[in-house]
Amino acid sequence: MPIIKAKLKQEKEQIRVSIDSRVLEKIRDYCEWAKIGKPDEFFEQAAEFVLSKDKDWQAQSNKANKAQID
C-alpha cells in the first residue's frame, strides 16, 4: 500500500529545484506505482510527512506560532 496518495487540488505556488537524476527517476517510478499524477504531489506529501515527524521542527514551529500570538 502506498504511503503517499493523490490529493484534491489546492492553491499552489510554483518553485524550481535541482535534484539528482537517479533520485528523480525513483520518485517518478514511485508515483507511477502509487498512481500519483505528478511528482509535485509526492514532494508536497513527503515534506508534510517530514515536518509532522521532526520533533525539533515541531518545537521550533510551536515557539514561533506562540510568539506571533503574543
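The values are calculated or read from the model by the stated rules, or taken from the named source; none is laboratory data. Computed from a prediction, not measured in an experiment: that's the story for all the values here. Here Cβ is always computed from backbone atoms with ideal geometry, including for glycine, and neighbour counts include all displayed protein chains. Just the protein is used for accessible areas: all its heavy atoms, side chains included, with ligands, DNA and RNA removed. Shrake-Rupley method; radii C 1.70, N 1.55, O 1.52, S 1.80 Å.
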Taking interchain pairs and intrachain pairs at least six residues apart, which have beta carbon atoms under 7 angstrom, with the first residue in segment 37-64 and under 16 Å from Gln10 (Cα atoms) and the second assigned to a helix (DSSP H, G or I) and at pLDDT below 90?
none
Kindly indicate the residue of segment 50-59 that is open to solvent by less than 90 Å² (accessible area, probe 1.4 Å), part of a helix (DSSP H, G or I) and out of contact with any Phe, Trp or Tyr (no Cβ under 9 Å at 6 or more places or on another chain) and also nearest to Pro2 (Cα to Cα) among those meeting that condition.
Ser52
Considering only segment 38-49, I want to know if a residue exists there that is more than 13 Å from the chain's Cα centre (by Cα) and at pLDDT below 95.
no
Only one of (1) touching a residue at least 12 places away in the same chain (Cβ under 8 Å); (2) in a loop (DSSP other than H, G, I, E, B) is not met by Tyr30, so which one is it?
(2)
Within segment 11-49, residues more than 17 Å from Met1 (Cα to Cα), surrounded by 10 or more Cβ atoms within 10 Å (Cβ to Cβ) and among the aliphatic types (A, V, I, L, M) come out as Ile19, Leu24, Ala47
